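Data first, discussion second: the structure below is written as structure tokens.
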Amino acid sequence: MNASAARRGFSWPSVAILGLILGSFLKFFLVDVGDGRSPVAGAVAAAAVLALYVAMLKTGDIGRWRRVFFVLIAACFAPSFIAELVESRGAMSLSAADIFKNETPFCHIVIPMTILPHLSTGKFIFPARLEGHYASVYSMVAVWFIATVTLGRGWCSWVCFYGGWDDGFSRSRKKALLPLEKHASRFRVLPKVVLFFVVFASLWSLAPVYCTWLCPFKTITEFNEIVDAGSYIALIAAATLFLSLAVVLPALTRRRTQCSAFCPFGAFQSLLDRFSPYGVKIDRAKCVDCGACSAACPSLALDAAVVKSGNIPATCVKCGDCVSACARGAIDYRFKWQDAGGGSLALRLRERVKADGPAGKALRALLLVLDEIASPRALLATNGVLIGAIVGGSFMSDTLVRLWRLATTGSFIG
Amino acid sequence: MLLEALTLGLSTGTYCAVSCAPVALPLFVSDEASGGENAARVGLFMGGRLAAYVLIGFLLGAVGAYAAGYLAPALRSVLTRSAAALGGAVLIAAGIARGTGGHRACVLLRRAAKPGRAAFAAGIATGLSPCAPFFAAASRAAGTGGAAGAAYFGAFFIGTSLWFLPLFGVHAVSGRAPELRRVARLGMIALGVYFLAVPAVMGAR
């Protein structure tokens, strides 16, 4: 953690209030409504999430602790998901019979490519259940909608259960062997090209083209049963894309290459980011163009030109790495309607309180707490951790149960 | 019968437009054109569609029910592959030609794939693409005689054309969005590769 991040950590009263609020939600979603899973495992998962949230707020280093949270979700998602597939259908591969039974879990990446076919035919071109399962169409679309109007493109740093792979590997080296910053503007356009391609290719073929041919995460979730040359080529393509975009390139470039240069859902979220109240803004009065933020940015949203202009593109994933990296506090989370350098109403009122007595001190302390708990930084982190935990918390508790089973019975699968 | 063809086109034209959009939209969105230029190119695109429809209608009318019945699966496969191959080739050529490369091959390609030519060829490709309304029209036109079949498809074309009118306004959006044109240009090359590769790898859809 750097010095600037430490200076901007929250006071204990604010952390306690925010922790109580988030903790009650976590108890409800991970312990009380645990989807039939062990309440003890749910409580352990909730406690771990809460501890990471407290670390984010108290240290002010949101980028670092968010990454631990995010990687944890991804690391628990794959084993939990695969084990459930093996238990429910006996294999990680998806057979034609499973497809005809609409037993394919629905994932958010499918949303943009199913919209136009749905509008033109009235049907979802994806063989998933519509309801009654955590990975059904309606439940995923509901979570996505709530996340979109709160986090916007922040989905890609706080909620997506795939993103932790390239996010984690992007920090496996201290220095990039392949620096991409100079080409950031070129890379930023690529996910939009992939989105454009998958939307029209899916419309033409009335089939989920991205899932069939391009999804890297088939490698760690489920893949089509190998029955012909096409399915064999698709599996090789998925494994190659996963290893290159989610493991090797992030490690070599220190950038999230899958999310920032390929994922069509990321491009889709960028288009919808205008509905999110949160953004990251640069205070040009404080900025000295040192380049620390663009060097830290894993999503290629920042480069020298962007920093100079002060206009951060909608490809920013709101991960907080730039906020943690800036030694001058020139870049921070803001509400979109706020100026980059403007203070909150509570802070302005606090400056007007001149009384030095106990009442004055108490009022100033109260206004500081109000400023902190209503700040975009606190609200974004709370939103992000809560929605991330709703989506990924059950995978965490399920993985805990399975690890316990592995330790006591020698089997990960029940 | 012509009225029937017209209403068939009008009632199923949304499906036709959606089925042709993956070729038509990238082509027009990636093009930096004035209102007049865009209108001329859309006109050429529609001309290509009409030419393909009239030709198919004439052949089906002349050959008869044999083509629409016994040969239907084979006919569908041939048409799908031909339409995908032609559409894919047009998108790749036009996508590369609209780049800024100064290489001799790029310049030659730019001459060969002029926007008007590309629009006409794309029109033929979408006209050959056998969507469900196309087959409905084919089953009625088959065996009616060459001229009657061509006329049936001509009236069907007029009915479906209503749903292609938004193409005349594409330039108003793409003209103000250079990034959208860039995305469409790169996207059409990827789509072209897909149109060429998928029927080859997986068989006709």
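The values are calculated or read from the model by the stated rules, or taken from the named source; none is laboratory data. In this text the structure is predicted, and so the values were computed from the model without any measurement. Because the Cβ atoms are built from the backbone with ideal geometry, glycine has one as well, and the counts that use them run over all protein chains shown. What goes into the accessible areas is simple: the full protein's heavy atoms, side chains included, and nothing from ligands, DNA or RNA. Shrake-Rupley method; radii C 1.70, N 1.55, O 1.52, S 1.80 Å.
Sequentially through the range A:163-172, phi angles give Karplus couplings (6.51, -1.76, 1.60; θ = phi - 60°) of x, x, 5, 6, 5, x, 5, 5, 10, 7 Hz, Gly and Pro residues having no value and appearing as x.
Just to confirm the filter: which chymotrypsin sites (Phe, Trp or Tyr not before Pro) across the range A:318-410 are DSSP coil and have at most 13 other Cβ within 10 angstrom of their Cβ? Qualifying residues, ordered by number: A:Trp337.
Close amide H pairs (under 5 Å, H built 1.01 Å from N) link A:Ile331 with A:Asp283, residues at least 5 positions away or on another chain. Of the residues A:Thr212, B:Thr80, the one with the largest accessible area comes first in the ranking A:Thr212, B:Thr80, computed with a 1.4 Å probe on protein heavy atoms.
Taking 18 Å as the limit for the C-alpha separation, the pairs A:Lys101/A:Lys123; A:Lys286/A:Lys318; A:Lys58/A:Lys174 exceed it in the case of A:Lys286/A:Lys318; A:Lys58/A:Lys174. Between the Cα long axis of helix A:184-205 and the first principal axis of chain A there is an angle of about 40°, rounded to the nearest 10. Helix A:229-241: angle to the longest alpha-carbon principal axis of chain A, degrees 0 to 90, nearest 10? On a 0 to 90 degree scale, this one is about 20. Ligands, DNA and RNA aside, A:Val40 has an accessible area near 100 Å² when probed at 1.4 Å.
Counting other Cβ atoms within 10 Å, keep those with at most 11, restrict to DSSP loop, and tell me which trypsin sites (Lys or Arg not before Pro) in the range A:118-201 are left. The qualifying sites are A:Lys123, A:Lys174, A:Lys175. Seen against the Cα atoms of chain A and their longest principal axis, helix A:62-89 is set at about 20 degrees.
Using the Cβ of A:Cys211 as centre and a radius below 15 Å, the other residues enclosed give a net charge of -3, where K and R count +1 and D and E count -1. Using a probe of 1.4 Å, the accessible surface attributed to A:Ile233 totals some 80 Å² when neighbouring protein chains are kept in position. If one computes P(r) from the Cα atoms of the range A:134-183, what percent of pairs lie at distances over 17 Å? Of all Cα-Cα pairs in the range A:134-183, 54 percent lie more than 17 Å apart.
Can you tell me how the protein assembly as shown classifies by the Cα gyration tensor, rounded, prolate or oblate, using a/c under 1.5 as the rounded cut? Cα axes put the protein assembly as shown in the prolate bin. Determine the shape class of chain B: with a ≥ b ≥ c the square roots of the Cα gyration tensor eigenvalues, call it rounded for a/c under 1.5, and otherwise prolate if a/b is greater than b/c, oblate otherwise. Prolate, because a/c is 1.5 or more and a/b exceeds b/c.
Partners of A:Lys182 within straight-line reach, counting lysines whose Cα lies under 17 Å from its Cα and excluding those fewer than 8 residues away in the same chain: A:Lys308. Within the range A:37-135, the GluC sites (Glu not before Pro) that combine a DSSP coil assignment with at most 13 other C-beta atoms in a 10 angstrom radius are A:Glu131. Taking all protein chains together and a 1.4 Å probe, the residues A:Lys101, A:Lys27 rank A:Lys101, A:Lys27 from largest to smallest accessible area. Less than 5 angstrom separates the built amide H of A:Asn224 from those of A:Leu94, all sequence-distant by 5 or more or on a different chain.
Long hydrophobic helices in chain B, taken as whole DSSP H segments with a C-alpha length of 27 Å or more on their own axis and mean Kyte-Doolittle hydropathy at least -0.5: B:2-29, B:35-63, B:72-97, B:178-202. When all protein chains stay in place and ligands, DNA and RNA are ignored, the 1.4 Å accessible-area order of A:Arg66, B:Arg117, A:Arg37, largest first, is B:Arg117, A:Arg37, A:Arg66. Entry note, the protein assembly as shown: the mean residue ellipticity at 222 nm calculated from DSSP H runs of n ≥ 4, each adding -39500 (n - 2.57), is -21000 deg cm²/dmol after division by the residues and rounding to the nearest 500.
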